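K.L.:
Before I ask anything, let me first share the structure, which is written out below as structure tokens.
The values are calculated or read from the model by the stated rules, or taken from the named source; none is laboratory data. None of the values given here were measured: they were computed from a predicted structure. Glycine also receives a Cβ, built like all others from the backbone with ideal geometry; neighbour counts cover every protein chain displayed.
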Amino acid sequence: MKYFYKSVHTVVLVLCVLFSVNSFAEGSLKLPLVWGKSVNSSSLPDWLGTDLTRGIAFHNNKLYVVTRNTTVTPKTADIRILDALTGTVSGTLSVNGLDASGGHTSFPANDIEVSEDGQILTCNLALGSDAAAGMNKFKVYKWTDDKADPKLFLEYDLPNDVRLGDHFTVQGSFAKGSKAYIYAATSPHPGKTFQNDKVYIWSVTDGNLETATPAIVKSQRLKVQFTTSDYRYVDGEFGSDPKVAPYGSSPDDGFIVNGNGMFPTRFKKDGAVADSIFYGNMNWSYPFNSSTIVFAEKGAKIMATVACDPNLSYDANIFVKDITADMNNGASCFSSSGVGTLANGNRTSDIASGTIDGTRYIFMLWTNNGITAHKLEGLTTGIEPEKKQNNFSVSPNPASEYVRITNVENIKRIELYSIAGNLVLQVLPIEQLNISSLIPGIYMIKILSKNGTSEVYKLLKNK
């Protein structure tokens, strides 16, 4: 991984001079700023402590922000509730019951998450090597609502060389008859052989933890894509401060992991690499990434991650990408405003998202520098199939190399679009369309006739 960054550092500097933040943006996705409590806006909250505020979560128009509290003994946490539309603090969570003796350097709340049914959870930061001090237990606490006291929900003794709790992720609902999952990715362990290549997964049924022993998925060699055809491998290392973003509705659908020192990478349920970001689709001003989320919006699968700029004193923005077809083929954009450049040596951050009155919001926390809220605009579902008059036909479907099109004598032009609505290919009338070079995924073939009408066909491109 170190070799990777050294080898591209010069390229990074050159490209940063030549291009602005938006130069690499694709499509029409936009992230206008709604509000910011940050260094850049001269409105940094006085409660946002240095290197202490690292976790945020969204639910029901509220933003939950956890700050590790080191001013009292034993150490605890301050967890504030913000109005998601304004950033104004509206209350706090009770911390009665958080055990400060059970985590690394006694941080009982290091990140925060909310389940689909509104259960609020926090995790501590734990190191397996801290057994002698009694701080080797990874713990998750749960509030039933923001008026309740937290209760211990999960406790697990970590192996000697494992660090867990820099981030965690909650997926699903704790309601009766529902399933939920808790994910945590291992981080580099101080003084130990790197073991930051595993994802721990706990299953919850009917609101009850099935077992305190997690399923452990070990990642295979990370694949970093340098060009559309050239891959290089790095032995499985998630980097520091990694976060897991579930890719589907359960661990069977795999997950994306992103951390400082790696590009977002999607893994299958067994740890095999399924996809990764091609660096050309990331603005080279922002090679270091951290927290990542994946959500569905208007029929598309969207990934959002925090990206910081080493050439601007590590100021941060949000990078959003449509990954419906894959992680490299779809519209993308950066937020238009940074947060601040106060020292954040670990490049710690968090990101959250949700809808308010039908509008998608994305929230970013950049440690030491503040919090911003953005709207996601410009996302379309691609080209919707028009009512066909059956003047043409496209076969086979699915296809891997070629598709045949009938009645070409009546065709003016053929256009091929990605599911995100981006024009991929445009050709004159042809009976056999070569699609062998396309990345597997869903496409739309738009056939424009000589009489001015058009028909759109959905096409599935196989490998």
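K.L.:
For segment 346-355, enumerate the residues that are part of a loop (DSSP other than H, G, I, E, B) and buried (at least 23 other Cβ atoms within 10 Å of the Cβ). I'd like the intermediate steps shown before the answer.
P.N.:
Step one: filter segment 346-355 for residues part of a loop (DSSP other than H, G, I, E, B), giving 346-348.
Answer for segment 346-355, where residues must be part of a loop (DSSP other than H, G, I, E, B) and buried (at least 23 other Cβ atoms within 10 Å of the Cβ): just 348.
K.L.:
Next question, about the same structure. Any idea which of (1) under 22 Å from residue 54 (Cα atoms); (2) at pLDDT below 95 is the one residue 227 doesn't satisfy?
P.N.:
Residue 227 satisfies every listed condition except (1).
K.L.:
Continuing with this model, one more query. Select from segment 295-345 the residues that are among the small types (Gly, Ala, Ser), touching a residue at least 24 places away in the same chain (Cβ under 8 Å) and assigned to a strand (DSSP E or B) and write down the one among them that is farthest from residue 367 (Cα to Cα).
P.N.:
Residue satisfying both the conditions and the ranking: 300.
K.L.:
So, of the residues in segment 53-81 that are surrounded by 14 or more Cβ atoms within 10 Å (Cβ to Cβ) and free of Cβ contacts under 8 Å to residues at least 40 places away in the same chain, which turns out to be nearest to residue 346 (Cα to Cα)?
P.N.:
67
K.L.:
Would you mind finding the one in 387, 446 that is of a type outside the set (Ser, Thr, Tyr), at pLDDT below 80 and either farther than 30 Å from residue 80 by Cα or not in a loop (DSSP other than H, G, I, E, B) (or both)? Let's see the steps before the verdict.
P.N.:
Working: 446 fails: at pLDDT below 80.
Result: 387 is the single residue among 387, 446 that is of a type outside the set (Ser, Thr, Tyr), at pLDDT below 80 and either farther than 30 Å from residue 80 by Cα or not in a loop (DSSP other than H, G, I, E, B) (or both).
K.L.:
Moving to a separate point now. Considering segment 80-108 alone, what residues qualify as being in contact with a Leu (Cβ under 6 Å, 6 or more places away or on another chain) and at pLDDT 95 or above? Spell out the reasoning first.
P.N.:
Keep residues of segment 80-108 that are in contact with a Leu (Cβ under 6 Å, 6 or more places away or on another chain), which gives 82, 84, 89, 103-104, 107-108.
Within segment 80-108, 82, 84, 89 qualify.
K.L.:
Something else about it: Checking residue 340 against (1) surrounded by fewer than 20 Cβ atoms within 10 Å (Cβ to Cβ); (2) farther than 23 Å from residue 171 by Cα; (3) not charged (D, E, K, R), which test does it fail?
P.N.:
The single condition residue 340 does not satisfy is (1).
K.L.:
Which residue pairs have Cβ atoms under 6 Å apart, sit 6 or more places apart or on different chains, and have a first residue in segment 266-293 that is closer than 19 Å to residue 304 by Cβ and a second that is among the charged types (D, E, K, R) and modelled with pLDDT under 75?
P.N.:
Note: pairs meeting the criteria are 276/223; 285/309; 286/309.
K.L.:
Keeping to segment 329-372, report how many residues are closer than 15 Å to residue 87 by Cα and either among the hydroxyl-bearing types (Ser, Thr, Tyr) or outside the structural domain of residue 122 (by TED's automatic domain parsing) (or both). Give the derivation first.
P.N.:
Initial filter on segment 329-372 (closer than 15 Å to residue 87 by Cα): 339, 351-354, 356, 361-366, 369-372.
Next, only the ones that are either among the hydroxyl-bearing types (Ser, Thr, Tyr) or outside the structural domain of residue 122 (by TED's automatic domain parsing) (or both) stay: 353, 361, 372.
Qualifying residue count, segment 329-372: 3.
K.L.:
Sticking with this one: Would you list the strands (runs of 3 or more DSSP E) that sit entirely within segment 126-220 and hold 1 or more residues that are of a type in the set (Lys, Arg)? Can you show your working first?
P.N.:
Values: elements: 137-143, 151-157, 169-172, 179-185, 198-205, 215-218.
Correct list: 137-143, 151-157, 179-185, 198-205, 215-218.
K.L.:
While we're looking at this one, here's another question. Within segment 238-253, can you find the residues that are outside any strand (DSSP E or B) and surrounded by fewer than 22 Cβ atoms within 10 Å (Cβ to Cβ)? Spell out how you get there, then give the answer.
P.N.:
So the first thing to find is which residues in segment 238-253 are outside any strand (DSSP E or B), and the list is 238-239, 247-253.
Within segment 238-253, 248, 249, 250, 251, 252, 253 qualify.
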